[in-house]
């Protein structure tokens, strides 16, 4: 898929994603505003109000100018005309299976892909990042309601994504690779990626990690650009 301009974060707090968030805000048209979609969250009695407070505080604290944030919690009946003029779309964390199945059920997944292919910027945090990969079975333990869909939007060259990474889950990732037979990009909470077409920039305080089909691990270092080599079917140094 061409014209990709995608940010994914490892799912930490505002301080963990600070460098990635600053990069994101510097690359979007803030005058057009940001569409925020927090529907992966399990909400309490006050609904999504706390989610809105969080995104406003997170982005406003590092924005050089005013940034308008619109939050949607109901995606039914949304159309291309509703989203095409936003400067960016930000998809928050929570339950990955709940998020993906809702996006597919409402048809918003196709709108999201159209937004991306038309030059729109999308940011995915945690669950919002994992759905950008080939499969969300990297977090199969989140499928607590027998959701039937697990194929993601597949925007990372056929790779799957896992967030909140540390080396204690290496065996879990290797088991996933052996079961689903595809490669994995693993993001610690203090790490994010910026994908532009086939180029990947690692942004954050820790490296990202790339697991191939043999379970071998390649370190993707911060502030280094990588690219996907179509011939080798591998992520390589630029």
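What follows is calculated from the coordinates using simple rules that are stated; it is not laboratory data. Just so we're clear, the structure is a prediction, and the values are computed from it rather than from any experiment. Cβ: placed from backbone, ideal geometry, glycine included. Neighbour counts: every protein chain shown.
Just checking my list (1) 60; (2) 53; (3) 50 against percent of Cα pairs over 21 Å apart computed from this structure; which label fits?
(2)
Extending each Cα 7 Å along its Cβ direction at residue 169 and residue 73, get the distance between those two points in nm, one decimal.
2.7
Sorted by packing (mean other beta-carbon atoms within 10 Å per residue), highest first, where do 127-137, 148-158 land? All intermediate terms of the calculation are to be shown ahead of the outcome.
On the way: 127-137: 26.0, 148-158: 18.1.
Packing order, densest peptide first, comes out as 127-137, 148-158.
Relative contact order for the chain using alpha-carbon pairs under 8 Å, separation at least 6, rounded to a whole percent?
Numbers: 507 pairs, mean separation 56.3, N = 238.
Dividing the mean separation by the residue count of the chain yields 24 percent.
If one takes the longest principal axis of the Cα atoms in the chain, at what angle in degrees, from 0 to 90 and to the nearest 10, does the Cα axis of helix 170-180 lie?
90
Angle check, please: helix 96-106 long axis (alpha carbons) against the longest principal axis of the chain (alpha carbons), in degrees 0 to 90, nearest 10.
Tilt relative to the chain: about 60 degrees.
Kindly provide the pair-distance distribution of region 154-197 built from C-alpha pairs, with 10 Å bins from 0 and whole-percent values in order of increasing distance.
That works out to 26, 52, 21, 0, in percent per bin.
When the helix-only estimate is applied to the chain (DSSP H runs of n ≥ 4, each -39,500 (n - 2.57), divided by the residue count), what is the mean residue ellipticity at 222 nm, nearest 500 deg cm²/dmol?
Details: 7 runs with 62 residues, N = 238.
About -7500 deg cm²/dmol.
May I ask you to work out the translational diffusion coefficient for region 112-229 at 37 °C, viscosity 0.692 mPa s, via Stokes-Einstein with Rh from the Kirkwood sum over Cα pairs, reported in whole µm²/s? Numbers along the way, then the final one.
On the way: Rh = 14.6 Å.
Rounded, D is 226 µm²/s.
Please give the helix 108-117 orientation as an angle from the longest Cα principal axis of the chain, in degrees from 0 to 90, rounded to the nearest 10.
Result, in degrees: 80.
Could you work out the Kirkwood radius for region 1-134, taking every pair of different alpha carbons, averaging 1/r and inverting it, reported in Å?
On the way: mean 1/r = 0.0672 Å⁻¹.
Taking every pair of different Cα atoms in region 1-134, averaging 1/r and inverting gives 14.9 Å.
Could you tell me the center-to-center distance, by alpha carbons, between region 86-101 and region 19-39 in angstrom?
Each part's Cα centre sits 14 Å from the other's.
Determine the relative contact order of region 82-130: mean sequence separation of Cα pairs under 8 Å and six or more apart, normalised by residue count, in whole percent.
With pairs under 8 Å counted, the relative contact order is 60 percent.
Using only C-alpha atoms and all pairs of different ones, pull out the Kirkwood radius for region 76-148 in Å with one decimal. List each step's numbers first, then the result.
Working: mean 1/r = 0.0780 Å⁻¹.
Here the Kirkwood hydrodynamic radius works out to 12.8 Å.
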